[in-house]
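Inspection log for the structure reproduced underneath, given as structure tokens.
The values are calculated or read from the model by the stated rules, or taken from the named source; none is laboratory data. In this text, all values refer to a predicted model and were calculated from it rather than measured experimentally. Cβ placement follows ideal geometry from the backbone for every residue including glycine, while neighbour counts extend to all protein chains displayed.
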Amino acid sequence: MVGGLVRASHLGRYFHDRMLLSKAEADLASEPDGLFVSREALKEKRVRLVDGCGDSPVRLEGTPDMVLEVISEGSVRKDTDVLRELYWKAGILEYWLVDPGEDPATFEILRHEARGYVSVRRQRGWVKSTVFGKSFRLTQEADEDGHPGYRLAVR
């Protein structure tokens with residue numbers, strides 16, 4: 001959903017899973033579940049895409065506008081404490097956290113403030129992203145076999 005929004009609106013680049021993010025000044029080296037780099041961040045050289053074989057970037061150095069982490073049973077402390085601090089030190093404007101282990105799944109947007117990240121208040125189930133200038137809502141429902149399915153809506 002986020003990748004489609006970024007492409008359709010020509011906002012920059014969205015990368016999902018397996019993109020190494022590093023920022024030496026913040027002692028950060030991580031592979032977020034998703035990250036967004038605005039066109040402005042690329043133009044201002046706040047980030048640098050490092051190519052691997054061919055034209056495909058394999059690493060991003062610097063400060064993206066947003067990172068996304070999906071919490072798993074084995075990553076709770078890492079995602080909620082360790083990465084929260086490292087992403088804040090790196091100056092990342094928004095940190096999106098999804099916890100599918102909760103019932104229902106939770107979705108939170110954390111905004112970069114002077115003393116740390118602050119959770120954006122929900123308004124009628126929607127959470128406003130200043131990075132995208134839109135509001136988002138995560139819903140969960142079971143499929144025909146009873147397995148959970150997730151949908152991120154935007155307005």
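Here are the numbers:
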quantity: Unmet criterion (only one of (1) under 25 Å from L42 (Cβ atoms); (2) surrounded by 14 or more Cβ atoms within 10 Å (Cβ to Cβ)) for G133; calculated: (2)
quantity: Count of the stretch 103-155 residues which are in contact with a helix residue (DSSP H, G or I) (Cβ under 9 Å, 6 or more places away or on another chain) and touching a residue at least 60 places away in the same chain (Cβ under 8 Å); calculated: 4
quantity: Whichever residue in the stretch 47-73 is free of Cβ contacts under 8 Å to residues at least 24 places away in the same chain and farther than 17 Å from D17 by Cα and, among such residues, is nearest to the chain's Cα centre (by Cα); calculated: V47
quantity: Residue in the stretch 108-128 that is farthest from D81 (Cα to Cα), counting only those that are in contact with a strand residue (DSSP E or B) (Cβ under 6 Å, 6 or more places away or on another chain) and of a type outside the set (A, V, I, L, M, F, W, C); calculated: G125
quantity: Candidates V76, V118, filtered to the one that is of a type in the set (V, I, T), at pLDDT 95 or above, over 18 Å from V154 (Cβ atoms) and more than 14 Å from the chain's Cα centre (by Cα); calculated: V118
